[in-house]
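This report concerns only the one structure given below.
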Amino acid sequence: MDITTLLKQKMSLEDENIVGFKDDFEEIENYVAECNVVFTEHYALGFYSHMYSYLKRLKDGERVEGVDLSIRSDIETEIYDMTAKLLEKLAKKYNQEVDVSEVILAAIHIQTAVALGRS
């Protein structure tokens, strides 16, 4: 099942809410695949629902509420950098700046998937 279909079903989204982000989701999927990040369906839903919210915030010029930046030290540098690169690329498309809290929140999803893949 493709990501937009999964999100529409699980989050009860209408086509008009998600169709504008289809290219963004394809870009995200390709990027995480290139980085060898594999999500189970459950974790894919968590990550991509977060990415949907991130894309909406970018489009609307909104910011996420800040997180405790000390969490950054719990995220592997490679994962953090990989996530920052993805979010920066998306933010640039919407003429926005990336908030470090966004990177931390998305990196937690990616680090979880990577850790599960190692076990």
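Read-outs throughout are calculated quantities, based only on the coordinates presented, and are distinct from any laboratory measurement. Bear in mind that the values here come from a model prediction, so they are computed numbers and not experimental data. We place every Cβ from the backbone using ideal geometry, glycine too, and count neighbours over all the protein chains shown.
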Calculated Rg and Dmax of the Cα atoms in Å (choose from (i) 29.3, 99; (ii) 13.7, 39; (iii) 27.6, 91), label: (ii)
What aspartates and glutamates could a cross-link reach from K92, if we take a straight Cα to Cα line under 17 Å and drop same-chain neighbours fewer than 8 places away? D23, D24, E26, E27, D60, E62, D81, E102
List the trypsin sites (Lys or Arg not before Pro) within segment 24-119 that fall in a DSSP loop (any state other than H, G, I, E or B) and whose Cβ has at most 16 other Cβ atoms within 10 Å. R63
Percent relative contact order for segment 3-118, counting Cα pairs under 8 Å at least six residues apart, stands at 31
In the structure displayed, which of K8/K89; K22/K89; K22/K93 lie more than 22 Å apart, Cα to Cα? K8/K89
Can you bin every Cα-Cα distance in segment 10-77 into 10 Å intervals starting at zero and give me the percent of pairs per bin, rounded to whole numbers? 16, 43, 36, 5
From DSSP H assignment alone, runs of 4+ in the chain each adding -39500 (n - 2.57), the sum over residues rounded to the nearest 500 puts [θ] at 222 nm at -22000 deg cm²/dmol
Could you line up D99, D15 from fewest to most neighbouring Cβ atoms inside 10 Å? D15, D99
